[in-house]
Amino acid sequence: MSARPGAAVEAGRYGIDREALTELLGDEPAYRVDQVWQGLYERLAEPDEMTNLPKSLRAELARRLPTELTPLTEAVSDAGDTVKFLWELDGGGRVETVLMLYPGRATVCVSSQAGCAMGCGFWATGQAGFTRHLTVGEIVEQVVRAARRARESNRRVSNIVFMGMGEPMANLDAVWRSVERFHGDLGLSARHITISTVGLIPGIRALRDRPLPVNLAVSLHAANDARRDELVPINRRYPIDALLDACTDYLRVKNRRVSFEWALIDGVNDAERDAVELAGLCRRLRPHAHVNLIPLNPTPGYATRGSPPARVRWFRDRLEELGVNATVRRNRGTDIDAACGQLAAGQPVAVSVPVSLEVSPPSPSPSPPSPSPPAGRSAPSR
Ligand code: SAH
């Protein structure tokens with residue numbers, strides 16, 4: 001091995017950039033850099049699988065470029081189509097990643113922070129508080145490991161959503177560098193990468209000025225300031241009107257669609273007035289914002305339930321009548337606490353009910369959720 005013994009490596013295996021790798025490889029022939037890079041990102045290989053490298057170099061790479069995530073559990077649901085990974089970070093925090101296999105695409109939902117500082121009370125991660133930002137390497141490693149898992153089912157990751165734990169706009173440098181890695185090295189289209197934010201306006205403006213046209217999703221949940229101040233406390237600093245201006249601006253520069261996330265909460269934001277106000281906001285954007293409706297998933301620290309399926313359908317139809325496109329997002333992974341809003345590693349989630357739109361309990365008062373067996377939980381780590 002001819003790596004310079006003194007060269008300090010500050011980043012782990014998926015955090016190191018090509019320049020630093022070149023330096024690390026010292027006086028190895030120049031083509032080695034390409035071989036290692038292709039091994040990492042095209043072949044999704046571990047160093048010991050990079051059989052085109054001399055054995056001693058493989059061993060040295062494994063030692064000098066350690067991985068940063070320690071697998072704790074891997075839980076599978078939806079007949080194998082949803083996989084939730086729980087990782088331990090250096091220093092002890094925990095984060096989760098979810099791989100979702102659909103007929104035409106494979107999506108990875110990544111975390112950008114351990115915990116979250118935004119204080120949204122209905123979200124399990126918000127209830128658990130903030131631990132720290134993730135590094136580029138930790139974000140990229142989530143996707144590489146999920147992509148390896150997808151490959152076992154002969155699938156390739158096609159989409160990435162920053163909808164796991166954390167607020168990506170609060171950690172935008174690391175998030176952006178990972179986006180560049182997904183785009184440039186894993187070969188994903190920027191159009192298949194979505195950054196979801198609680199509505200941090202400076203982040204939206206910063207994203208507008210970066211080159212790749214990624215999708216922007218804004219977790220709205222309420223369409224007037226009084227209600228949104230309660231549900232999403234950061235609204236007090238970045239109120240709806242200014243937020244909509246930032247979205248308009250993003251659209252103007254990027255020419256991408258903006259979507260609004262709306263977790264439907266029974267009796268809180270699922271009434272006629274909510275639909276009308278929300279549609280009004282969507283129509284302010286050109287093209288109109290698309291709405292993703294997610295029936296609120298149960299979390300331990302928030303008493304209110306998700307809207308019943310019939311109400312969810314009604315709300316969607318109402319938005320359509322008002323000229324706004326809306327999609328009801330399937331609750332993937334509810335039985336393994338991997339559904340939207342439930343990612344709170346290490347925190348017990350008491351109730352776990354699959355919400356199915358096909359089975360519609362009588363509205364407006366469905367029977368209370370019953371505990372489901374812990375099927376598929378805590379599968380041994382791979
Ligand atoms: N901080 C970013 C990224 C997290 S995304 C953001 O807020 O957008 C997680 C998505 O799931 C957001 O749309 C969030 O509002 C939604 N969500 C949170 N808690 C939920 C719950 N209990 N049920 C359904 N969706 C939830």
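Of note:
- Considering the conditions (1) assigned to a strand (DSSP E or B); (2) surrounded by fewer than 21 Cβ atoms within 10 Å (Cβ to Cβ); (3) in contact (Cβ under 8 Å) with a residue 24 or more places away in the chain; (4) hydroxyl-bearing (Ser, Thr, Tyr), residue 70 is excluded by exactly one of them, (3).
Yes/no per residue for (1) more than 21 Å from residue 324 (Cα to Cα); (2) more than 15 Å from the ligand (Cβ to nearest atom); (3) surrounded by fewer than 22 Cβ atoms within 10 Å (Cβ to Cβ):
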{"position": "210", "(1), (2), (3)": "yes, yes, yes"}
{"position": "232", "(1), (2), (3)": "yes, no, no"}
{"position": "277", "(1), (2), (3)": "no, yes, yes"}
{"position": "287", "(1), (2), (3)": "no, yes, yes"}
{"position": "303", "(1), (2), (3)": "yes, no, yes"}
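- Consider the range 14-50 and keep the residues that are part of a loop (DSSP other than H, G, I, E, B) and touching a Ser or Thr at 6+ places or on another chain (Cβ under 9 Å). The one that is farthest from residue 148 (Cα to Cα) is 27.
- Residues that are among the hydrophobic types (A, V, I, L, M, F, W, C) and over 26 Å from residue 189 (Cα atoms) within the range 245-279 comprise 263, 264, 265, 268, 271, 275, 276, 278, 279, listed in sequence order.
- Members of the range 107-133 that are among the hydrophobic types (A, V, I, L, M, F, W, C), assigned to a loop (DSSP other than H, G, I, E, B) and more than 13 Å from the ligand (Cβ to nearest atom): none
- Any hit, the range 162-171, residues being part of a helix (DSSP H, G or I) and more than 16 Å from the ligand (Cβ to nearest atom): no
- For the range 316-331, the count of residues that are within 12 Å of the ligand (Cβ to nearest atom), under 24 Å from residue 115 (Cβ atoms) and assigned to a loop (DSSP other than H, G, I, E, B) is nonzero.
- Filter pass, residue 113 being under 22 Å from residue 208 (Cα atoms) and modelled with pLDDT of 95 or more: yes
- Single match in 253, 218, 258 (criterion: of a type in the set (A, V, I, L, M), within 19 Å of residue 342 (Cα to Cα) and either surrounded by fewer than 19 Cβ atoms within 10 Å (Cβ to Cβ) or modelled with pLDDT of 95 or more (or both)): 218
- When restricted to residues that are touching a Cys at 6+ places or on another chain (Cβ under 8 Å) and in a loop (DSSP other than H, G, I, E, B), the range 172-219 contains 1.
- Residue count for the range 178-201 under the criterion of being more than 16 Å from residue 112 (Cβ to Cβ) and not charged (D, E, K, R): the result is 9.
- Options 63, 58: the member that is in contact with an Asp or Glu (Cβ under 6 Å, 6 or more places away or on another chain) and in a helix (DSSP H, G or I): 58
Table: residues versus (1) among the basic types (Lys, Arg); (2) in contact with a helix residue (DSSP H, G or I) (Cβ under 9 Å, 6 or more places away or on another chain).
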{"site": "62", "(1), (2)": "no, yes"}
{"site": "72", "(1), (2)": "no, no"}
{"site": "78", "(1), (2)": "no, yes"}
{"site": "95", "(1), (2)": "no, yes"}
{"site": "98", "(1), (2)": "no, yes"}
{"site": "107", "(1), (2)": "no, yes"}
{"site": "149", "(1), (2)": "yes, no"}
{"site": "154", "(1), (2)": "no, no"}
{"site": "160", "(1), (2)": "no, yes"}
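- Within the range 209-256, the set of residues being over 18 Å from the mean Cα position of the chain (by Cα), within 24 Å of residue 181 (Cβ to Cβ) and not hydrophobic (A, V, I, L, M, F, W, C) comprises 209, 210, 211, 250, 254, 255, 256.
The values are calculated or read from the model by the stated rules, or taken from the named source; none is laboratory data. All figures in this text were calculated on a predicted structure; none of them were measured in a lab. Cβ sites come from the backbone with ideal geometry, for glycine too, and all protein chains shown count toward neighbours.
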